[in-house]
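Visitor: Following this message is one structure expressed as structure tokens.
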Amino acid sequence: KSDSDTYTCDIGDAQSRAKLVVQEVPVLFKKELRNEEAKEGKQVKLTCELNKPDTPVKWMKGDTVLYASEKYEFKQHGTVAELIIRDVKSIDS
């Protein structure tokens with residue numbers, strides 16, 4: 001998208017201009033989250049895959065936005081986004 005602009009070919013006495021409009025591909029899930037089960041006190045990892053690398057991801061539990069902490073760790077490698085939940089408790093369901 002950042003390449004959208006007017007481009008010019010300049011030969012000194014004359015110029016030719018063209019406008020480039022880049023249409024963004026919508027972000028979609030290639031692999032959605034799957035339901036998981038974990039034993040209390042263990043760690044669980046939730047993973048999804050997107051069609052565009054390094055897309056910003058916001059993790060939520062219900063309506064609450066999650067933030068990185070000792071409990072929650074976020075990783076993103078290209079198109080894969082991961083949420084690691086440590087020391088799971090029944091309230092994490």
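Visitor: Evaluate the following for residue 50: is it out of contact with any Ser or Thr (no Cβ under 6 Å at 6 or more places or on another chain) and modelled with pLDDT of 95 or more?
Guide: On the way: out of contact with any Ser or Thr (no Cβ under 6 Å at 6 or more places or on another chain): no; modelled with pLDDT of 95 or more: yes.
In short, no.
Residues are listed down the side, and each one gets a yes or a no for (1) touching a residue at least 12 places away in the same chain (Cβ under 8 Å); (2) part of a strand (DSSP E or B); (3) more than 16 Å from residue 91 (Cβ to Cβ):
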residue	(1), (2), (3)
8	no, yes, yes
38	yes, no, no
41	yes, no, no
48	yes, yes, yes
76	yes, yes, yes
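Visitor: Any chance the stretch 82-90 includes a residue that's open to solvent by less than 30 Å² (accessible area, probe 1.4 Å) and under 16 Å from residue 31 (Cβ atoms)?
Guide: We begin by selecting, within the stretch 82-90, every residue open to solvent by less than 30 Å² (accessible area, probe 1.4 Å); these are 82-85, 88.
Retained after the next criterion (residues that are under 16 Å from residue 31 (Cβ atoms)): 82-83.
Yes.
Visitor: Can you tell me which residue is farthest from residue 37 (Cα to Cα) among those in the stretch 53-74 that are in contact with a Lys or Arg (Cβ under 8 Å, 6 or more places away or on another chain) and outside any loop (DSSP other than H, G, I, E, B)?
Guide: This residue is 65.
Visitor: Right, here's the next one. Give me the pairs: first residue in the stretch 53-67 and farther than 12 Å from residue 82 by Cα and of a type in the set (A, V, I, L, M, F, W, C), second residue open to solvent by less than 60 Å² (accessible area, probe 1.4 Å) and outside any loop (DSSP other than H, G, I, E, B), beta-carbon distance under 7 Å, and six or more apart or on different chains, which are they?
Guide: 66/72
Visitor: Which members of the stretch 10-32 meet the condition of being over 31 Å from the mean Cα position of the chain (by Cα) and either under 30 Å from residue 46 (Cβ atoms) or free of Cβ contacts under 8 Å to residues at least 12 places away in the same chain (or both)?
Guide: Answer for the stretch 10-32, where residues must be over 31 Å from the mean Cα position of the chain (by Cα) and either under 30 Å from residue 46 (Cβ atoms) or free of Cβ contacts under 8 Å to residues at least 12 places away in the same chain (or both): 10, 11, 12, 13, 14, 15, 16, 17.
Visitor: Give the number of residues within the stretch 10-36 that are part of a strand (DSSP E or B), in contact with a strand residue (DSSP E or B) (Cβ under 8 Å, 6 or more places away or on another chain) and open to solvent by 80 Å² or more (accessible area, probe 1.4 Å).
Guide: Of the residues in the stretch 10-36, the ones part of a strand (DSSP E or B) are 10, 15-20, 29-31.
Pick out the ones that are also in contact with a strand residue (DSSP E or B) (Cβ under 8 Å, 6 or more places away or on another chain) and you get 15-20, 29-31.
Filter once more, so that each one left must be open to solvent by 80 Å² or more (accessible area, probe 1.4 Å): 15, 17, 19, 29-31.
Qualifying residue count, the stretch 10-36: 6.
The values are calculated or read from the model by the stated rules, or taken from the named source; none is laboratory data. Everything numeric here is computed off the predicted structure, so don't read it as measured data. Every residue, glycine as well, gets a Cβ built from its backbone with ideal geometry; the counts of neighbours run over all protein chains shown. Keep in mind that these areas ignore ligands, DNA and RNA; they rest on the heavy atoms of the full protein, side chains included. Shrake-Rupley method; radii C 1.70, N 1.55, O 1.52, S 1.80 Å.
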